[in-house]
1. Which whole-number percent gives the relative contact order of the chain, counting Cα pairs below 8 Å spaced six or more residues apart?
2. Check cross-link reach from Lys31 to the lysines: straight Cα distance under 16 Å, and skip same-chain residues fewer than eight apart.
3. Which of Arg84, Arg58, Arg11 ends up with the largest GNM mean-square fluctuation for the chain, with Cα atoms connected below 10 Å?
4. Which order, highest average first, do 39-45, 12-18 follow once you tally other Cβ atoms within 10 Å for each residue and take the mean per peptide?
5. Gaussian network model of the chain, Cα springs within a sub-10 Å range: biggest mean-square fluctuation belongs to which of Asp60, Asp26, Asp89?
6. Search the structure for amide H atoms under 5 Å from the amide H of Val24, placed 1.01 Å from N in the peptide plane, and list their residues when 5 or more places away or on another chain.
7. Which residues' amide hydrogens lie under 5 Å from the amide hydrogen of Asp37, considering only partners 5 or more residues apart or on another chain, with H built in the peptide plane?
8. Can you pull the one-decimal nm distance between simple spin-label points at Glu96 and Arg82, each 7 Å off the Cα toward Cβ?
Amino acid sequence: MTYRPRGMPRRFLEGAPEIVRKKVLDMVEVKPAAPLDFDILFRPEPGDSQIVGLDFGRTDLRGCHFFLEWHEARAFRERNRRKRVAWRDLPAGTQEMIVSYLESE
């Protein structure tokens, strides 16, 4: 049995650029921030065995990648569903960093 991740509800992606709507699986605010403020999960490519995530700060800071197995990603998303953050609520610097990261991939 494989985990087929669904995207976030549409209301969380209102106003987001097309590249973000296509490639971002989930956006979670980390409280208390440790060490950065937001965890972003990206949609897996077909055949991927892991889901890739990346940490972002409130300004133009970008942290390091983290990798979740399917069962870990499912648990992470379930555990943090109430911490989900909408695109419009992200600081402008964070939005710019996410878009530039996705365009560079």
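Since every read-out is calculated from the coordinates, none of them should be taken as a lab result. Since the structure is predicted, the reported quantities are computational estimates derived from the model, not experimental observations. Note that each Cβ is placed from the backbone with ideal geometry, even for glycine, and that neighbours are counted across all protein chains shown.
1. Values: 163 pairs, mean separation 30.6, N = 105.
Computed over the chain, the figure is 29 percent.
2. Straight-distance partners of Lys31: Lys83.
3. Arg11
4. On the way: 39-45: 17.7, 12-18: 13.9.
Sorting 39-45, 12-18 by mean packing, highest first, produces 39-45, 12-18.
5. Highest fluctuation among the options: Asp89.
6. Answer set, sorted by chain and number: Arg43.
7. When sequence neighbours closer than 5 places are left aside, the close amide H contacts are Phe56, Gly57, Arg58.
8. Those two pseudo-labels are separated by 3.5 nm.
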